[in-house]
Amino acid sequence: MTTGTGSGGSGGHPSPEERSGDDRAEFSALLEDSVEDLYEHAPCGFLSTLPDGTIAKINATLLHWLGHARGDLVGRRTFSDLLTVGGRIYHETHFGPLLRMQGEISGIALELEAADGSRLPVLVTSTVKSGSDGQPVMIRTTVFDARDRRAYETELLRARQQAEDERAELMRLNATLQQTLLPPTLVSVPGLDVAAHYHIASPDKVGGDFYDLFPLAAGTWGLFLGDVCGKGAAAAAVTSLARYTLRAAAVYDPDPAAVLSNLNTVLNHEYNGDDPRFCTVVFGLLTPDTDHGGFRVTLAGGGHPPALLLRADGSVAPLYTPGGQLIGVLPDAHIATTTVHLEAGDTLLLHTDGLTEAHTAANSDDDRYGDEALLDFVRALAPTTATDTVAAIRELLDTFGTGVDDDTAVLAISVPRP
């Protein structure tokens, strides 16, 4: 075997010295363009003007963009003449004064008017060249074609506007859907003061809270308040099903435990697959007490926060339904009931947990309002009326601002004093 020592180096590959020489040759070839050629055919426009704006020099790139001949502009036109009407006004009132004051100005968006009347969006940077006496002798301007950028910005604005329009439409649809899940107005019950409020935490998503008050047999009324797990369209579907099932079940058998048992059966049957759905509910049956006055209220609870009883003497007590299980989770959920007598001056308050789980401090995940704070709040109100109770809770929710991250429903009834 013979080992060659020719110019190819070992294995026929160029040596480092040879590669370095080739690189220098390629680099030198790039420098063969004259400075004038680099100026004329630069990827941007170059323009030199006298202090009064008269064009003294302009490169071929900018002439090509504008469709002008060099003789039409040099010594005959000013830089301002190349601008659109709006651009001239801006040049006279802002661009020119700032350039004279600062000596340079960069990245200004303007529009040039081409020979055929079309508009060319550009970004302009100008600097003032001064003589030995400090007086300006020339203004050098660089012009960048901004057509692609303008198209991108236009498309971005269009997409943003479309997104805003779609969000507004979504909010409108959500608000409409939410209204269909709530009674338009509460019925008037003879001998009772009734009030309710629904606080929407986010206009972008439909919440799962619901309530209603409706007549049953003569002299009997049903009421309920509940909270479906989750948000959005899926929660709205469960909310609608729960609301209408409760009303239908109450007509069939108004016993509160039977009403919630029927709802549990329906939800468990409809949503027992890969995406189970459930809710917490309290259902009440109102009947006037003709012998002692006031109303007899029987409440059935299915995993819902206890109602609060504000007595005429100023005392407040939760109405627990211990052992009441979530509605829709188990085939045979345990439903707990309790009965109370509302006398003149008494108020019964039902609420969802969006109230007690509200954040009381900005950007805090730990500082929740809580059940004890709500008890203290209503103790300060008692004795009161349903209307005043709901008004006070509305003001309380407003103080939390964005801290209320879940929809909140409140329903109150009270027996007016004679």
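The criterion of being modelled with pLDDT of 95 or more and crowded, with 23+ Cβ neighbours inside 10 Å holds for Leu349.
Kindly establish whether Ala195 is within 28 Å of the chain's Cα centre (by Cα), in contact (Cβ under 8 Å) with a residue 24 or more places away in the chain and not in a loop (DSSP other than H, G, I, E, B). Before the answer, list the steps.
Working: within 28 Å of the chain's Cα centre (by Cα): no; in contact (Cβ under 8 Å) with a residue 24 or more places away in the chain: yes; not in a loop (DSSP other than H, G, I, E, B): yes.
So Ala195 fails the test.
Could you please let me know if Ala258 is assigned to a strand (DSSP E or B), free of Cβ contacts under 8 Å to residues at least 24 places away in the same chain and either among the hydroxyl-bearing types (Ser, Thr, Tyr) or surrounded by fewer than 19 Cβ atoms within 10 Å (Cβ to Cβ) (or both)? No; evaluated as a whole, the condition is false for this residue.
For the range 99-123, enumerate the residues that are touching a residue at least 12 places away in the same chain (Cβ under 8 Å), small (Gly, Ala, Ser) and open to solvent by 40 Å² or more (accessible area, probe 1.4 Å). Spell out the reasoning first.
Of the range 99-123, the ones touching a residue at least 12 places away in the same chain (Cβ under 8 Å) are 99-100, 103-116, 119-123.
Now drop any that are not small (Gly, Ala, Ser), which leaves 103, 106-107, 109, 114-115.
Correct list: Ser106, Gly107, Ala109, Ala115.
Can you tell me which residue within the range 124-134, out of those that are modelled with pLDDT of 90 or more and open to solvent by 40 Å² or more (accessible area, probe 1.4 Å), is farthest from Leu47 (Cα to Cα)?
Just the residues of the range 124-134 that are modelled with pLDDT of 90 or more, to begin with: 124-130.
Subsequent filtering for residues that are open to solvent by 40 Å² or more (accessible area, probe 1.4 Å) retains 125, 127-130.
Working: Thr125: 10, Thr127: 11, Val128: 12, Lys129: 13, Ser130: 16 Å.
Once the filter is applied, the top-ranked residue is Ser130.
Of the residues making up the range 389-412, just one is under 24 Å from Gly222 (Cβ atoms) and among the acidic types (Asp, Glu), namely Asp407. Return the pair list, or none, for Cβ contacts closer than 7 Å from residues in the range 141-159 that are closer than 30 Å to Thr49 by Cβ to residues that are in a helix (DSSP H, G or I), at least 6 apart or on different chains. Qualifying pairs under 7 Å: Thr141/Phe79; Val143/Leu62; Asp145/Trp65.
Out of curiosity, is His269 in contact with a His (Cβ under 9 Å, 6 or more places away or on another chain), open to solvent by 10 Å² or more (accessible area, probe 1.4 Å) and either modelled with pLDDT of 95 or more or farther than 28 Å from Leu374 by Cα (or both)? Explain how you work it out, then say what you get.
On the way: in contact with a His (Cβ under 9 Å, 6 or more places away or on another chain): no; open to solvent by 10 Å² or more (accessible area, probe 1.4 Å): yes; either modelled with pLDDT of 95 or more or farther than 28 Å from Leu374 by Cα (or both): yes.
No.
Scan the range 212-232 for residues that are open to solvent by 10 Å² or more (accessible area, probe 1.4 Å), touching a Lys or Arg at 6+ places or on another chain (Cβ under 9 Å) and outside any helix (DSSP H, G or I) and jot them down.
Quick first cut of the range 212-232, residues open to solvent by 10 Å² or more (accessible area, probe 1.4 Å) only: 215-221, 227, 229-232.
Narrowing the set further to residues that are touching a Lys or Arg at 6+ places or on another chain (Cβ under 9 Å) leaves 229-232.
Listed by number, the residues that qualify are Cys229, Gly230, Lys231.
Would you confirm whether or not the range 282-290 contains a residue that is open to solvent by 40 Å² or more (accessible area, probe 1.4 Å), modelled with pLDDT under 90 and of a type outside the set (A, V, I, L, M, F, W, C)?
Narrowing the range 282-290 to residues open to solvent by 40 Å² or more (accessible area, probe 1.4 Å): 288, 290.
Those still in the list that are modelled with pLDDT under 90 too: 290.
Still in the list and also of a type outside the set (A, V, I, L, M, F, W, C): 290.
Yes.
Those residues that are at pLDDT below 90 and open to solvent by 40 Å² or more (accessible area, probe 1.4 Å), I need them from the range 291-325; list them, please. Scanning the range 291-325 gives Asp291, His292, Pro322, Gly323, Gln325. Residues in the range 135-150 that are assigned to a strand (DSSP E or B), over 13 Å from Gly96 (Cα atoms) and open to solvent by less than 40 Å² (accessible area, probe 1.4 Å): Thr142, Val143.
The values are calculated or read from the model by the stated rules, or taken from the named source; none is laboratory data. On a predicted model such as this, the values are computed, not experimentally measured, just so you know. So basically every Cβ, Gly included, is an ideal-geometry build from the backbone, and we count neighbours across all protein chains shown. Areas reflect the complete protein model, heavy atoms only, side chains present, ligands, DNA and RNA absent. Shrake-Rupley method; radii C 1.70, N 1.55, O 1.52, S 1.80 Å.
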